[in-house]
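Read the structure below first, then the notes.
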Amino acid sequence: MGGHSSHGRMERYDSDAVLIGAMGDAHGGRFLRLEGLQRQLEGLDLLLLAGDITDSSNIDAFGTVLKAIRKRSSVPIVAIFGNDEYEQDRDSFRETYDITFLDDERADINIGEHTVRIVGTTGMLDRPTWWQRNNVPGIYEKYRKRVEVVADLLDREGCDVLILLSHYATTYLTLHGERERAFPEMGSRAMEAVLLEKRPDISIHAHAHNGSKYAVVSRKRRSPDDEGGPAVLVWNVSLPLNKGVTRFEISVGEVNDVRVLH
Ligand SMILES: [Fe+2]
């Protein structure tokens, strides 16, 4: 390991690649470890916040987490809202903090020569939670429409890297570790179908504190000759699970290459 520092495993493989960090479920700082944060943020081109950065929609506690990041890095930040950033407060979050929030929207970020498109959404649940079923009128319809909106936004035309950023899981595969009965209230298989159709380079989510870190979603092979079609990488960046920021190095080419630096 000549020449490698103790941080060697976090060094980049491709200097032309974009380096994107992601984390979710800081819950007002409860799950944000300050130790090592500086190093995890180092050299990032972009930081994605995957929701539940605060608890119970507490706007100040969201700021506590942002401050911890800003003390160590001036990286551009794109965030989506989790279930702990309540819908009625989302305008206040936008007004209070000078970062890019995406709520069923997308943003194109230029990094060097490359255009990175982030499609951001809270995401959807196959079965709304008990609270949502009882308090959010038309929630089933709302989720159904959201899948269509996200599918429309997930378009490769005009960008080099395409990322879906959501709070809820976009497959059940990254939920393993959680109670199986709860899967439909933590994520969506309908989104999985969107992933296979639109094939973003990666789908990043949080919310599943006890889930699995990553999964590969692919279409089932229908016969031995059927190649099954391309696979899509899904990564759960929940802080309680990862203990820190997950760092993705994405090389742009004929086929983009996603590596995770540990
Ligand atoms: Fe959550």
* Answer yes or no: is there a residue in segment 205-212 that is polar (S, T, N, Q), under 18 Å from Gly21 (Cβ atoms), touching a residue at least 12 places away in the same chain (Cβ under 8 Å) and within 16 Å of the ligand (Cβ to nearest atom). => no
* Just to be sure, is Leu102 farther than 22 Å from Ala17 by Cβ, away from the ligand (no atom under 15 Å from the Cβ), at pLDDT 95 or above and within 15 Å of the chain's Cα centre (by Cα)? -> yes
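For Gln132, are the conditions met, namely being assigned to a helix (DSSP H, G or I), of a type outside the set (Ser, Thr, Tyr) and more than 16 Å from the ligand (Cβ to nearest atom)?
Numbers: assigned to a helix (DSSP H, G or I): yes; of a type outside the set (Ser, Thr, Tyr): yes; more than 16 Å from the ligand (Cβ to nearest atom): no.
It is false that Gln132 is assigned to a helix (DSSP H, G or I), of a type outside the set (Ser, Thr, Tyr) and more than 16 Å from the ligand (Cβ to nearest atom).
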* **Qualifying residues in segment 218-236 (those that are surrounded by fewer than 10 Cβ atoms within 10 Å (Cβ to Cβ) and more than 30 Å from the chain's Cα centre (by Cα)) - the one nearest to His167 (Cα to Cα)** => Arg222
* Asked: Within segment 138-156, is there a residue that is under 22 Å from Val258 (Cβ atoms), charged (D, E, K, R), modelled with pLDDT of 95 or more and outside any helix (DSSP H, G or I)?
  -> yes
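The values are calculated or read from the model by the stated rules, or taken from the named source; none is laboratory data. Bear in mind that the values here come from a model prediction, so they are computed numbers and not experimental data. All Cβ positions, glycine included, derive from the backbone under ideal geometry; neighbour counts span all protein chains shown.
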